1. For region 121-156, how many residues meet the condition of being among the aromatic types (Phe, Trp, Tyr) and more than 17 Å from ALA110 (Cβ to Cβ)?
2. What's the number of the only condition in (1) under 30 Å from GLU153 (Cα atoms); (2) open to solvent by 60 Å² or more (accessible area, probe 1.4 Å) that LYS37 fails to meet?
3. Could you check ARG87 against (1) within 30 Å of THR48 (Cβ to Cβ); (2) open to solvent by less than 50 Å² (accessible area, probe 1.4 Å); (3) in contact (Cβ under 8 Å) with a residue 40 or more places away in the chain; (4) not β-branched (Val, Ile, Thr) and say which number it fails?
4. Quick test of your reading of the structure: GLN114 fulfils all but one of (1) open to solvent by less than 50 Å² (accessible area, probe 1.4 Å); (2) free of Cβ contacts under 8 Å to residues at least 40 places away in the same chain. Name the failing condition by number.
Amino acid sequence: MNSKKSKVSDRPKPFTSVEQVAQETGIAWRTAKARLKAAGLLPVEGRTRAEILDAIKPPTGDKPGDSIKEKLVFEQWRKLKLANDEREGLLISKASVIGSIQRLNPKIDALIEQKIVNEYPAAVAGLDVPAAREFGKRFADELRREWAAFAEEWQG
């Protein structure tokens with residue numbers, strides 16, 4: 001018996017009807033249908049949730065003369081979209097990014113200090129230009145490896 005949970009099961013299922021779109025988003029069926037029709041997304045089968053949610057996105061409510069209701073509807077839509085994006089793994093916390101940068105900074109600082117301030121002057125003294133370039137290339141390669149490790153951390 002396999003007790004591991006599949007990541008796919010955590011994702012929301014695609015919309016299968018205008019009624020489902022209206023029910024899950026809390027907007028009127030006629031409004032959902034009109035917005036989907038205007039976006040050319042009828043029928044909804046085979047469309048991604050993101051496509052549908054973008055199509056039914058209400059007015060922003062930030063224009064002069066927009067009603068409180070329009071502002072409230074937009075905020076409800078935004079909350080739903082953020083929740084969906086979070087479930088689908090499309091959002092990352094600011095703290096995660098900051099933590100990653102804070103872990104990388106000391107490595108990069110130490111590498112730059114060691115190579116440029118301590119090693120470079122002695123290493124290139126008396127060398128011709130091509131040899132000095134080779135030393136610089138090796139240092140650049142070390143920096144690229146550190147940045148590649150940083151990128152891998154975010155690619156999951």
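The values are calculated or read from the model by the stated rules, or taken from the named source; none is laboratory data. Quick caveat: nothing in here was measured; it's all calculated off a predicted structure. Methodologically, a virtual Cβ is constructed for each residue, glycine included, from the backbone with ideal geometry; neighbour enumeration extends over all protein chains shown. Just the protein is used for accessible areas: all its heavy atoms, side chains included, with ligands, DNA and RNA removed. Shrake-Rupley method; radii C 1.70, N 1.55, O 1.52, S 1.80 Å.
1. 2
2. (1)
3. Checking ARG87 against (1) within 30 Å of THR48 (Cβ to Cβ); (2) open to solvent by less than 50 Å² (accessible area, probe 1.4 Å); (3) in contact (Cβ under 8 Å) with a residue 40 or more places away in the chain; (4) not β-branched (Val, Ile, Thr), the one that fails is (2).
4. In the conditions (1) open to solvent by less than 50 Å² (accessible area, probe 1.4 Å); (2) free of Cβ contacts under 8 Å to residues at least 40 places away in the same chain, GLN114 misses (1) alone.
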